[in-house]
Every structure is written in C-alpha cells, then in structure tokens.
Amino acid sequence: AHEMRTPLTVINGLVEGMTDDLLPRDEVTLAEIGDEVRRLTRLATDLSALSRAEEHGFGLSLATGDLTEVVHRAVARLRAQGEAAQVTLHVEETAPGISVTMDADRVTQVVTNLVGNALRATPRGGRIEITVGMHRGRAEVTVSDTGIGLAPEDLERVFERFFRLLPGSSEAGESGSGIGLTIARAIMREHGGDLSAASAGLGRGAVFTAWLPLSTDHTPRGILP
C-alpha cells in the first residue's frame, strides 16, 4: 500500500488543485497526472507479479540519463510529505552530471521507496540526507536518516520478500506487505548495480546505498522478457 500512496497523493493534489482553480487545466498538469498514473500502473503490475519478476526480470527500458536529475525529481515528489512530518529532506550533489544507463522510471521508484521508508522511520524534527555522487568508479545514491535504525540481524532481512520488522525495531508499525525493498534491490541488480543497508544500531538511524555502473564503462544488460 505504501508503494502506491505517493502517486495517489500526487494525483489527488493535482486534481483538487484543478478543481479549485489553483492549478491550470492544461497539458502540463495533465501530463503530470499521466506520469503518476503510469507509475501507479507499473507498481500494481509489480505487486501482482512479484514472483515472476524475481525469476524473469522487470524488462527495463534503458537509456542514458542524468542520475542527479532523477534523484532531484523523486525527492521533490516527497517534499510535501516531509514538511507534513516535520522532517528535513536535503539533497547533496558530490559530483554533477552523473551519466548512467538506466530505466529512469525504475530508478525513480527505488529512490521514492528509500526516501519514503526513511520518512516513516524518522521522528519529527529529524533529518534525511540524500547524497548522489560517484564512488569507486560507480554512481551512488545514499539515503541516510536519523530514525529508529536497524538491528544487525535485520540488515539483510529487510530485503526478503514479505518480511516486516517487528514492533520495537525499525519501521515498526509499517502496514505494507514488505516487498518494497525486495523490488528496489531487484531493480538495482537488473541494472548491474545493487542496494545495501547499514546502521549503527537501533535508535541510531539507517543508511541505504544504491549504486549503478557509470554509462562510460557499462555495457547495458539485455532487456529480460
């Protein structure tokens, strides 16, 4: 459910804005709604076909693009939620114009999932740092929060399909089905990258790192059926 909440919230806000004459009823606004509907449709397809996706892949639409722009757009969609939760969202660029071969919608999905999870794990007054840059010859996006953290035994378990952490550990009270991180890691691995978690322990925040090969030294993987 939480995977679908962001596009639904964006669509609702845009429709209400047009209804109340706060937003123009033009091609730009309708295109924004169309983008969110498209993402929502893809998410619904993923949820209904997770097992098949894990076995056969997502079928990426690969193109060379700017990872920094993708991250900024994804975070912008969540800023209203951050303000409502009184949590600061900050994007830091350590290297401009990072060119990668990617499915931009899928990478947007990963960043949205990571930042959304961080928002749920971070109390009011907290802070989430999203850093995009290059490290060890690859492109990296890290999402660090000041939230309730992860126990050592959960650092890998959070990526297991349908795994939800118990009350008292991180993401306590999460009502989703526990597949968001499973899908996010599968997306990164299909890009030839990966997704990992780190934490200093419960109550000490968490860091999720997603990385991709740079387009200059990466031969795109074949689009899987």
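Highest-first packing order for the peptide set 78-88, 14-24 is 78-88, 14-24, based on the mean count of other beta carbon atoms within 10 Å. Couplings for segment 127-142, taken from phi via the Karplus curve 6.51 cos²θ - 1.76 cosθ + 1.60 with θ = phi - 60°, read 9, 10, 9, 10, 10, 10, x, 10, 8, 6, x, 9, 8, 10, 10, 10 Hz in order; Gly and Pro are left as x.
Mean silhouette area of segment 45-130, derived from the convex hull of its C-alpha atoms and averaged over all directions, reads 6.6 nm².
When the residues V28, V70 are ordered by accessible surface, computed with a 1.4 Å probe over the protein chains alone, the sequence from largest down reads V28, V70.
For segment 12-99, with all protein chains in place and a probe radius of 1.4 Å, 53% of the accessible heavy-atom surface sits on carbon or sulfur. Per-residue Karplus couplings for segment 202-212, computed as 6.51 cos²θ - 1.76 cosθ + 1.60 with θ equal to phi - 60°, are listed in order as 4, x, 10, x, 9, 10, 10, 10, 10, 10, 9 Hz, Gly and Pro entered as x.
Comparing segment 89-150 with the 2.2 N^0.38 Å rule of thumb, its C-alpha radius of gyration ratio is 1.20 (two decimals).
Applying 1/(1 + (r/R0)^6) with R0 = 22 Å to the Cβ-Cβ distance of A44 and E160 gives a FRET efficiency near 0.50. Residues in segment 69-136 average 43 Å² of solvent-accessible surface per residue, probe 1.4 Å, ligands and nucleic acids excluded.
The values are calculated or read from the model by the stated rules, or taken from the named source; none is laboratory data. These numbers come from a predicted model, not from an experiment. Backbone-built Cβ (ideal geometry, glycine too); neighbour counts: all protein chains shown. SASA here: full protein model, heavy atoms, side chains in, ligands and nucleic acids out. Shrake-Rupley method; radii C 1.70, N 1.55, O 1.52, S 1.80 Å.
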